[in-house]
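One structure below.
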Amino acid sequence: MTPRFSDAMVLHPLDHGFSANLNEHWTIGPKIHGGVMLALCAKAAREAYAGHAGSTFEPVAVSADFLSAPDPGEVRLTTTVRKRGRRIGLVDVALDQGDRTCVRAVVTLGEPEHRAEPLLSANPVTALMTAEPPAHVAPIGPGHPAAAINNLARGCDIRPELSETFTESGAPVFTIWVRPKDEPVDVLFALMCGDISVPVCYAVGRRGWAPTVQMTAYLRGLPADGWLRVACTTTQIGRDWFDEDHTVVDSAGRIIVQTRQLALVPPE
């Protein structure tokens, strides 16, 4: 049976929050994928906010600090509504496992811009990537170099271009096409895809676990169904720290999610 991303986002109400179960299908190696946790925090905030006043706000910004890497299994999400405004809401979320706090997130809720054309959009993805993956770009699956550690591929069709390109300034650009299996794209899936690439430090020969310390995601619109195109790049890879940016574009060519994260460079 194909794992469904929507099943990973199921929340069970508790006093002051929710519980959820993140199983082995949503891991990179043995640990839960950071983008999945960010999306789950976003949903917990949305549900906590809507539960008080029936709001239809979406998580337009999620700022998450990753404190500890949880194992597959049950997690608890404690939510605190900090602000209720006409256009903006704010919710704090703590994702815990056992006695450990694994993620602390601040979620800004509002209406994403999806009904009108932007005044300006410097979209870096549409000129770089076709709307659907080319025939030579294989999905992660049996025999693929990433299959051994990327367990998200059981529930997602993930098609990375294995040969990265480089900008004029020398920055690597990784490109990935992705969509869920057996269900449509939604806001939470798009937020998760803001962390879908292999770490950009792979481009300088640093491979291995590159833990994210902090990540901020912006939801710019509601995604159309179909393939999401993701371009991932960086500004600087240091000896200890690197930054990584994702831009997620939907099948209609609109920017849906932007993320930036600060992570640790794997040792040599």
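The values are calculated or read from the model by the stated rules, or taken from the named source; none is laboratory data. Everything quoted here is computed from the prediction, not taken from an experiment. Every residue, glycine as well, gets a Cβ built from its backbone with ideal geometry; the counts of neighbours run over all protein chains shown. Calculation scope for accessible area: heavy atoms of the full protein, side chains included, ligands and nucleic acids excluded. Shrake-Rupley method; radii C 1.70, N 1.55, O 1.52, S 1.80 Å.
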* Asked: What distance in nm separates the simple spin-label points at R115 and W241, each placed 7 Å from Cα in the Cβ direction?
  -> 4.1
* Asked: Could you work out the helix-only [θ] at 222 nm for the chain, with each DSSP H run of four or more residues adding -39,500 (n - 2.57) and the total divided by the number of residues, to the nearest 500 deg cm²/dmol?
  -> -3500 deg cm²/dmol
* Cα-based reach from K83 at 24 Å (exclusive), listing lysines while leaving out same-chain residues under 8 positions away -> K43
* Structure fact -> Per DSSP, the loop-located trypsin sites (Lys or Arg not before Pro) within region 165-268 having at most 16 other beta carbons within 10 Å are K181, R207, R239
* To do: Please say if region 5-163 is rounded, prolate or oblate, where rounded means a/c under 1.5 for a ≥ b ≥ c the square roots of the C-alpha gyration tensor eigenvalues, and otherwise the choice is prolate for a/b larger than b/c and oblate otherwise?
  => oblate
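Working out 0.36 nm times the residue gap between R260 and Q214, then minus their Cα-Cα distance, what length gain in nm do you get to one decimal?
15.7 nm
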* **Pair D182, R82: separation of 7 Å Cα→Cβ label points (nm)** => 3.9
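Can you give the FRET efficiency to the nearest 0.05 for T167 and D15, using r as the Cβ-Cβ distance and R₀ = 41 Å?
After rounding to 0.05, the efficiency reads 0.25.
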* Solvent-accessible area, 1.4 Å probe, carbon plus sulfur percent, for the chain -> 52
* Structure fact -> Over the chain, with neighbouring protein chains present, the accessible area per residue in Å² at probe 1.4 Å is 48
* Asked: Counting only Cα, what are the radius of gyration and maximum Cα-Cα distance Dmax of region 182-268, in Å?
  -> 13.8, 41
* Looking at region 181-221, which chymotrypsin sites (Phe, Trp or Tyr not before Pro) are in a loop (DSSP not H, G, I, E or B) and have at most 15 other Cβ atoms within 10 Å? -> W209
* Asked: Of the trypsin sites (Lys or Arg not before Pro) in region 23-107, which ones lie in a loop per DSSP and count no more than 16 other C-beta atoms within 10 Å?
  -> R86, R87
